[in-house]
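Accompanying notes for the structure given below.
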């Protein structure tokens, strides 16, 4: 899965990328929906390395797990996974020197990073093979219920449910993955982090469902 996504993201062909993630979404949804699927194994596989394509794949699988935990239909789980694979497409427009910078970003650099949801949405908005919910995963995954997110500062119900879902797993993946500038958090610490933001910036129901999934996947 990661090899295919890496090839897509390495090219500038958005059509090929969207087609590939649609197929990958179907495969991943089939896997997650199986009764014998082991979430614990998935978390172990996903903890190796960091790059935008790895982050996107991890977020996609996490989004699928959360969608399944929330009782979404299989078809919608497939769409959510595909949306997760595309959610950071706009980061391809950010210079590598910023994405891989080992230290703290300057205010100017962070403003450049904050453009990526809008850039990803711009590239995908006119496509007829993506749903509104998928587009909102791309555009709203950094929005917060309290209005201090970006790119536009949406509040409460202005944020699509799939955007809220993506926000939860995006934060969790970001803080538990290796970065050039910090060591990863433990899953327990990450759960505590998102729980502190539950009901303020993050959707409370989705946070609690995700924490339950994580706790069930952790070794006893």
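The values are calculated or read from the model by the stated rules, or taken from the named source; none is laboratory data. No experiment lies behind these values; they were computed from the predicted model shown. Here the Cβ is made from the backbone with ideal geometry for all residues, glycine too, and neighbour counts use every protein chain on show.
Here is a check on your reading of the model: is residue 84 out of contact with any strand residue (DSSP E or B) (no Cβ under 7 Å at 6 or more places or on another chain), surrounded by fewer than 19 Cβ atoms within 10 Å (Cβ to Cβ), closer than 18 Å to residue 169 by Cα and modelled with pLDDT of 90 or more?
no
Select from region 194-204 the residues that are touching a residue at least 40 places away in the same chain (Cβ under 8 Å) and surrounded by fewer than 16 Cβ atoms within 10 Å (Cβ to Cβ) and list them in ascending order.
Residues satisfying the conditions are 199, 200.
Test residue 207 against the stated conditions and say whether it is buried (at least 20 other Cβ atoms within 10 Å of the Cβ), at pLDDT 95 or above and over 22 Å from residue 53 (Cα atoms).
yes
Sort out which residues of region 91-106 are part of a loop (DSSP other than H, G, I, E, B) and surrounded by 13 or more Cβ atoms within 10 Å (Cβ to Cβ), and write them in order of number.
Those that are part of a loop (DSSP other than H, G, I, E, B) and surrounded by 13 or more Cβ atoms within 10 Å (Cβ to Cβ): 94, 100, 101, 105.
For the list (1) under 16 Å from residue 61 (Cβ atoms); (2) not in a helix (DSSP H, G or I), I need the number of the one condition that residue 209 fails.
(2)
Take the conditions modelled with pLDDT under 95, farther than 28 Å from residue 182 by Cβ and buried (at least 21 other Cβ atoms within 10 Å of the Cβ) and apply them to residue 124. Does it pass? Reasoning before the result, please.
Numbers: modelled with pLDDT under 95: yes; farther than 28 Å from residue 182 by Cβ: yes; buried (at least 21 other Cβ atoms within 10 Å of the Cβ): yes.
Judged against the criteria, residue 124 is a match.
Looking at (1) within 23 Å of residue 83 (Cα to Cα); (2) surrounded by fewer than 22 Cβ atoms within 10 Å (Cβ to Cβ); (3) modelled with pLDDT of 95 or more, which one does residue 163 not meet, given that it meets all the others?
In the conditions (1) within 23 Å of residue 83 (Cα to Cα); (2) surrounded by fewer than 22 Cβ atoms within 10 Å (Cβ to Cβ); (3) modelled with pLDDT of 95 or more, residue 163 misses (2) alone.
Which of the numbered conditions does residue 146 fail, given that it passes all the others? Conditions: (1) closer than 17 Å to residue 22 by Cα; (2) surrounded by 14 or more Cβ atoms within 10 Å (Cβ to Cβ).
(1)
Just to be sure before I move on: is residue 215 over 16 Å from the mean Cα position of the chain (by Cα), in a helix (DSSP H, G or I) and without any contact (Cβ under 8 Å) to a residue 60 or more places away in the chain in the structure I sent?
yes
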